[in-house]
(Lines give C-alpha, C1' and ligand atoms only; values in the text may rest on other atoms or scores of the structure.)
Protein backbone atom coordinates (compact mmCIF):
# COMPACT_ATOMS: atom_id res chain seq x y z
CA UNK A 1 0.00 0.00 0.00
CA UNK A 2 1.29 3.46 -0.90
CA UNK A 3 2.01 5.79 2.01
CA UNK A 4 -0.46 8.67 2.19
CA UNK A 5 1.32 12.00 1.86
CA UNK A 6 -1.43 13.79 3.84
CA UNK A 7 -1.48 11.56 6.94
CA UNK A 8 1.48 13.44 8.45
CA UNK A 9 1.93 16.96 7.13
CA UNK A 10 4.35 18.15 9.79
CA UNK A 11 7.50 17.77 7.69
CA UNK A 12 6.24 18.56 4.19
CA UNK A 13 3.77 21.45 4.39
CA UNK A 14 3.82 24.92 5.94
CA UNK A 15 1.20 24.51 8.67
CA UNK A 16 -0.78 27.71 9.12
CA UNK A 17 -3.29 26.36 11.62
CA UNK A 18 -3.61 23.14 13.58
CA UNK A 19 -6.11 21.86 16.10
CA UNK A 20 -7.00 18.40 17.36
CA UNK A 21 -8.90 17.51 14.16
CA UNK A 22 -7.60 19.58 11.24
CA UNK A 23 -4.67 21.27 9.57
CA UNK A 24 -4.79 24.35 7.34
CA UNK A 25 -1.67 24.31 5.17
CA UNK A 26 -0.20 25.92 2.09
CA UNK A 27 -0.66 23.80 -0.99
CA UNK A 28 2.85 22.57 -1.80
CA UNK A 29 2.10 23.18 -5.49
CA UNK A 30 -0.05 26.34 -5.36
CA UNK A 31 -1.99 27.54 -8.37
CA UNK A 32 -1.60 31.12 -7.14
CA UNK A 33 -1.04 33.18 -4.00
CA UNK A 34 -3.39 32.06 -1.25
CA UNK A 35 -3.83 28.43 -2.38
CA UNK A 36 -4.39 26.51 0.85
CA UNK A 37 -5.84 23.18 1.97
CA UNK A 38 -7.99 22.14 4.92
CA UNK A 39 -6.96 18.56 5.76
CA UNK A 40 -8.35 16.23 8.44
CA UNK A 41 -5.77 14.54 10.63
CA UNK A 42 -7.62 11.24 10.28
CA UNK A 43 -7.24 9.46 6.95
CA UNK A 44 -10.71 9.91 5.42
CA UNK A 45 -11.79 9.64 1.81
CA UNK A 46 -14.13 12.63 2.07
CA UNK A 47 -15.41 15.17 4.55
CA UNK A 48 -18.80 13.46 4.17
CA UNK A 49 -17.42 10.78 6.51
CA UNK A 50 -15.90 13.28 8.97
CA UNK A 51 -17.47 12.92 12.42
CA UNK A 52 -17.59 16.66 13.18
CA UNK A 53 -18.73 18.56 10.09
CA UNK A 54 -19.65 21.58 12.25
CA UNK A 55 -15.97 21.96 13.18
CA UNK A 56 -15.00 21.88 9.48
CA UNK A 57 -17.63 24.54 8.78
CA UNK A 58 -16.31 26.72 11.61
CA UNK A 59 -12.77 26.59 10.21
CA UNK A 60 -14.03 27.10 6.66
CA UNK A 61 -16.11 30.12 7.79
CA UNK A 62 -13.06 31.70 9.43
CA UNK A 63 -11.01 31.09 6.29
CA UNK A 64 -13.81 32.64 4.21
CA UNK A 65 -13.82 35.76 6.42
CA UNK A 66 -10.07 36.15 5.85
CA UNK A 67 -10.26 35.53 2.09
CA UNK A 68 -13.20 37.94 1.74
CA UNK A 69 -11.25 40.69 3.51
CA UNK A 70 -7.77 40.11 2.07
CA UNK A 71 -8.38 38.52 -1.34
CA UNK A 72 -11.84 39.68 -2.36
CA UNK A 73 -13.58 36.34 -1.91
CA UNK A 74 -13.09 32.60 -1.63
CA UNK A 75 -13.42 29.54 -3.82
CA UNK A 76 -13.48 26.29 -1.82
CA UNK A 77 -13.53 22.87 -3.45
CA UNK A 78 -13.57 19.24 -2.36
CA UNK A 79 -13.71 15.98 -4.30
CA UNK A 80 -15.20 13.33 -2.05
CA UNK A 81 -14.51 9.68 -2.63
CA UNK A 82 -16.75 6.90 -1.38
CA UNK A 83 -14.20 4.10 -1.42
CA UNK A 84 -10.51 3.46 -1.98
CA UNK A 85 -11.03 2.51 -5.64
CA UNK A 86 -10.69 6.13 -6.82
CA UNK A 87 -14.31 6.42 -7.96
CA UNK A 88 -13.89 10.19 -8.35
CA UNK A 89 -10.17 9.80 -9.13
CA UNK A 90 -8.67 12.34 -6.77
CA UNK A 91 -4.93 12.61 -7.03
CA UNK A 92 -4.56 12.18 -3.28
CA UNK A 93 -6.81 9.67 -1.57
CA UNK A 94 -7.14 11.72 1.63
CA UNK A 95 -9.91 14.28 2.13
CA UNK A 96 -8.93 17.91 1.62
CA UNK A 97 -10.66 21.17 0.75
CA UNK A 98 -8.86 23.54 -1.61
CA UNK A 99 -9.05 27.25 -0.66
CA UNK A 100 -8.30 29.83 -3.36
CA UNK A 101 -8.96 33.49 -4.13
CA UNK A 102 -11.87 33.97 -6.55
CA UNK A 103 -11.19 33.38 -10.25
CA UNK A 104 -10.82 36.25 -12.68
CA UNK A 105 -13.64 34.77 -14.77
CA UNK A 106 -16.66 32.75 -13.55
CA UNK A 107 -15.96 29.05 -13.24
CA UNK A 108 -17.43 27.12 -16.17
CA UNK A 109 -19.75 24.82 -14.20
CA UNK A 110 -22.08 22.79 -16.41
CA UNK A 111 -25.79 22.05 -15.85
CA UNK A 112 -24.95 18.87 -13.92
CA UNK A 113 -23.78 21.02 -10.99
CA UNK A 114 -26.69 21.30 -8.54
CA UNK A 115 -27.05 24.41 -6.34
CA UNK A 116 -27.13 23.66 -2.63
CA UNK A 117 -27.35 25.91 0.40
CA UNK A 118 -25.36 23.92 2.93
CA UNK A 119 -22.15 21.93 3.02
CA UNK A 120 -23.68 19.90 5.87
CA UNK A 121 -26.47 18.81 3.49
CA UNK A 122 -23.88 17.75 0.93
CA UNK A 123 -22.07 15.68 3.56
CA UNK A 124 -25.31 13.92 4.50
CA UNK A 125 -26.62 13.52 0.94
CA UNK A 126 -23.33 12.32 -0.53
CA UNK A 127 -22.14 10.07 2.29
CA UNK A 128 -22.43 6.97 0.06
CA UNK A 129 -21.41 8.39 -3.30
CA UNK A 130 -18.52 10.19 -4.91
CA UNK A 131 -18.99 13.92 -5.36
CA UNK A 132 -17.41 17.23 -6.26
CA UNK A 133 -18.36 20.29 -4.21
CA UNK A 134 -17.49 23.93 -4.88
CA UNK A 135 -18.23 27.20 -3.09
CA UNK A 136 -17.80 30.43 -5.03
CA UNK A 137 -18.65 33.47 -2.93
CA UNK A 138 -22.02 32.71 -1.34
CA UNK A 139 -22.98 30.14 -3.98
CA UNK A 140 -22.49 26.43 -3.40
CA UNK A 141 -22.80 23.60 -5.91
CA UNK A 142 -22.26 19.86 -5.89
CA UNK A 143 -22.07 17.20 -8.52
CA UNK A 144 -22.29 13.47 -7.81
CA UNK A 145 -20.00 11.57 -10.11
CA UNK A 146 -18.86 8.19 -11.24
CA UNK A 147 -15.58 9.49 -12.59
CA UNK A 148 -13.95 12.82 -13.39
CA UNK A 149 -10.35 13.33 -14.43
CA UNK A 150 -7.62 13.48 -11.84
CA UNK A 151 -6.92 17.09 -10.79
CA UNK A 152 -10.26 18.17 -12.27
CA UNK A 153 -10.61 21.31 -10.15
CA UNK A 154 -7.00 22.43 -10.59
CA UNK A 155 -7.51 22.28 -14.35
CA UNK A 156 -10.93 24.02 -14.22
CA UNK A 157 -9.63 26.85 -12.01
CA UNK A 158 -6.45 27.27 -14.04
CA UNK A 159 -8.38 27.64 -17.30
CA UNK A 160 -9.97 30.82 -15.92
CA UNK A 161 -6.56 32.26 -14.99
CA UNK A 162 -4.53 31.18 -18.02
CA UNK A 163 -2.36 29.15 -15.61
CA UNK A 164 -0.39 26.57 -17.54
CA UNK A 165 1.25 24.84 -14.55
CA UNK A 166 -1.82 23.30 -12.91
CA UNK A 167 -0.55 19.71 -12.79
CA UNK A 168 1.17 19.24 -9.42
CA UNK A 169 2.76 16.05 -10.73
CA UNK A 170 4.94 18.32 -12.90
CA UNK A 171 7.32 19.16 -10.06
CA UNK A 172 9.81 21.25 -12.01
CA UNK A 173 10.54 24.70 -10.64
CA UNK A 174 9.84 26.48 -7.39
CA UNK A 175 6.14 26.36 -6.58
CA UNK A 176 6.48 28.12 -3.23
CA UNK A 177 7.07 31.54 -4.81
CA UNK A 178 3.38 32.41 -4.49
CA UNK A 179 3.35 32.12 -0.68
CA UNK A 180 2.93 35.45 1.07
CA UNK A 181 4.29 35.49 4.63
CA UNK A 182 2.27 38.51 5.76
CA UNK A 183 -0.97 37.10 4.38
CA UNK A 184 -0.26 33.69 5.98
CA UNK A 185 0.25 35.36 9.36
CA UNK A 186 -3.03 37.26 8.95
CA UNK A 187 -4.84 33.97 8.23
CA UNK A 188 -3.22 32.40 11.31
CA UNK A 189 -4.53 35.25 13.46
CA UNK A 190 -8.05 34.86 11.98
CA UNK A 191 -8.10 31.11 12.56
CA UNK A 192 -6.79 31.35 16.13
CA UNK A 193 -9.40 33.88 17.32
CA UNK A 194 -11.73 32.62 20.04
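Among the residues of the range 50-57, is there at least one that is at pLDDT 85 or above, under 12 Å from the mean Cα position of the chain (by Cα) and crowded, with 16+ Cβ neighbours inside 10 Å? Yes, the range 50-57 contains at least one residue that is at pLDDT 85 or above, under 12 Å from the mean Cα position of the chain (by Cα) and crowded, with 16+ Cβ neighbours inside 10 Å. Residue-level analysis places residue 67 among those that are within 30 Å of residue 185 (Cβ to Cβ), surrounded by 21 or more Cβ atoms within 10 Å (Cβ to Cβ), at pLDDT 80 or above and under 16 Å from the mean Cα position of the chain (by Cα).
Taking the criterion of being at pLDDT 70 or above, in a loop (DSSP other than H, G, I, E, B) and loosely packed, with under 13 Cβ neighbours inside 10 Å, the residues of the range 96-137 that qualify are 104, 105, 106, 108, 110, 111, 112, 137.
Listed by position, the strands (runs of 3 or more DSSP E) contained in the range 1-69 that have at least 1 residues being closer than 21 Å to residue 151 by Cα, touching a strand residue (DSSP E or B) at 6+ places or on another chain (Cβ under 8 Å) and in contact (Cβ under 8 Å) with a residue 60 or more places away in the chain are 22-26, 36-40.
Flag set for residue 91, criterion: closer than 26 Å to residue 15 by Cβ and at pLDDT below 75.
The values are calculated or read from the model by the stated rules, or taken from the named source; none is laboratory data. Not measured: the values here are computed from a predicted model. Glycine also receives a Cβ, built like all others from the backbone with ideal geometry; neighbour counts cover every protein chain displayed.
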